[in-house]
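One structure below.
FYI, it's all coordinate maths here, none of it is from the lab. From a predicted model like this one, the values you see are computed outputs, not experimental measurements. Cβ coordinates were reconstructed from backbone atoms using ideal geometry, including for glycine residues, and neighbour counts include every protein chain displayed.
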Amino acid sequence: MQDPRHRPFRAGKALRAAFGAPVIALMVFGGAASAGWKTPPVPQRPDAPVEMPTSPPPENAVAVAVPEDLLKPGATITLAKVVDIALQNNPLTRASYLQARSAAAQLGSKRAPYYPTVNVTLSGTRSNQLSQDPNVSATGDVYGPSVEVGYLLLDMGGRAADADDARFGLIAADWSHNATIQEVILGVETTYVLYVNAKAQLEAARANVKAAGTALDAANGRHDAGVGTIADVLQAKTAFSQAQFSLQTFEGEVLALRGALATAMGLPATIPYDVGTLPADVPLDRGSEAVDKLITTARERRPDLAAARALAEKAGAHVRSVRSEGLPTLSLSAAAQRSYYRTTPVTDPHNYWSAGLFLRFPLFTGFANAYNIQKAKEDAEVARAQADTLEQQVLLQVWTSYYAFQTATQLVRTSHDLLESAEQSERVALGRYKEGVGTIIDLLTAQAALASARSQDIQARSGWFVALAQLARDTGTAAPLDQAITVIKEGTRP
């Protein structure tokens, strides 16, 4: 028995005959409402939120890839592993990958006219033909297969232009996919550096609390010995409380950034993991190429720029495709058919065949083809202008990131010298205060300068890695920072 779902037309005729059009409309809209096409709720007052229904997750949702070693308690992962996990789970890279696959299928479709088309038809006809006698009629069945073959012999470059159009579209989609990957890598690397920066700031805050505690102990000792005032003790206690306040702030920031990095990898924010620590020694010799060489590299390797150029070529191929629509085409068509008859008297089967050449020339189309060509040309010029504009932006980005990286390199050197002098100054001030020569103001000032120097040194090292990642992305290389952070050791969970 035939499935009723395969006979919608006849079922509709029966319903219309039995109940009429109004009932059919009611059934259609009722079925749409039962399928979930409901009117969305509206707010009751300006300050009231809308109670939206909870939607279940899609059945074909992509599962998150969580490495097994990451689920072990106290697991630490490198930056290269972080980037690898993010690229597997990030929906942006998945979407750009699927777009490239779609462009590849489009190219295959545009190459189809290079092959012949073959259609096979199986037909059956029942007819009632009147004979010469109006009182006599003959009913007969005619059925049989037929084959039709068509092939485009000549089209003045239309097929090639369509194929080039799709091919450059595929190239642009591939380059766009690479650009998406580089953007994801840059985002993950930046979040990674922010996390290790916060961990380093936390360690520095702990050192500041320890130093402030030492100053407070020294002030209490001098006060107990009768050589110090209560004002010294209160000032030292205030500095100690401020150091504890900063420590607690960085503790919360570390936990927040650990969740942010997990989210950047496409993982739950609560997953137990940790990464290494910020290197104390920065490889300042990296990224020392001249800016002209980096600009040349960017012109050759920036994927978004290459995608824009491919789109410009795609627009040029589209001009040729539109122009070919107004040119003649030569095609071949052939058909063969065998017919069987069930009549009285019985008729033998018959074979039919035909073949022909067809020359088509669009003589007049209401000037539509001329305007289509003009539009395609203007669109091609727009695409070239957009590619030129993006190239100028790429050069500016490389120029800016190059000198930002040079500045970051100088800041690392300066902050290192500043930290060394601040540490020496704090040791001298502490010794002088314990000996009764210096004042508590001198000691607290030296400790504040040391705390600031520690923070600036950490920030300078973190900024150097971020600047390196930005420079790599702007030049189109986007090498993971794990190649630069070669001295990271396994860290402990905060």
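Here are the numbers:
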quantity: Ordering of 256-267, 421-432 by burial proxy (mean other Cβ atoms within 10 Å per residue, highest first); calculated: 256-267, 421-432
quantity: Greater than 19 Å apart at Cα, pairs in K110/K377; K210/K237; K293/K314; K210/K434; K237/K434; calculated: K110/K377; K293/K314
quantity: Segment 208-258 and segment 348-410: distance between their alpha carbon centers, rounded to Å; calculated: 67 Å
quantity: Packing rank of 386-398, 85-97, 361-373, where each peptide gets the mean count of other beta carbons within 10 Å, highest leading; calculated: 85-97, 386-398, 361-373
quantity: Listed peptides 200-212, 324-336, 231-243, 107-119 by packing density, highest first (mean Cβ within 10 Å); calculated: 200-212, 231-243, 324-336, 107-119
quantity: Segment 194-322 - charge dipole about Cα centre, Lys and Arg +1 at Cβ, Asp and Glu -1, debye rounded to 20; calculated: 620 debye
quantity: Percent RCO, i.e. relative contact order, over segment 420-476, from Cα pairs under 8 Å lying at least 6 residues apart; calculated: 30 percent
quantity: Overall Cα dimensions of segment 148-219, principal axis frame, Å, largest first; calculated: 101, 23, 7
quantity: Compactness relative to 2.2 N^0.38 Å, alpha carbon Rg of segment 299-434; calculated: 2.61
quantity: At 0.692 mPa s and 37 °C, Stokes diffusion of segment 164-316 via Kirkwood alpha-carbon radius, µm² per second; calculated: 161 µm²/s
quantity: For G144, net neighbour charge (Lys/Arg +1, Asp/Glu -1) across residues whose Cβ lies under 14 Å away; calculated: 0
quantity: Summed residue charge, Cβ within 12 Å of T121's Cβ, Lys/Arg positive, Asp/Glu negative; calculated: 0
quantity: Spatial extent of segment 108-250: Rg and Dmax, with the Cα atoms as the point set, Å; calculated: 44.5, 143
quantity: Estimated FRET transfer efficiency (K72, R101; beta-carbon r; R0 35 Å; 0.05); calculated: 0.50
quantity: Shape box of segment 215-274 [Cα atoms, principal axes, largest first, Å]; calculated: 61, 15, 11
quantity: Three-way shape call for segment 406-460 based on the alpha-carbon gyration tensor, with the a/c threshold at 1.5; calculated: prolate
quantity: Equivalent ellipsoid dimensions for segment 178-259 as semi-axes, Å, which come from the Cα gyration tensor, largest first; calculated: 43, 9, 7
quantity: Label-to-label distance, nm, for residues given as A368 and A404 (7 Å Cα→Cβ offset); calculated: 5.1 nm
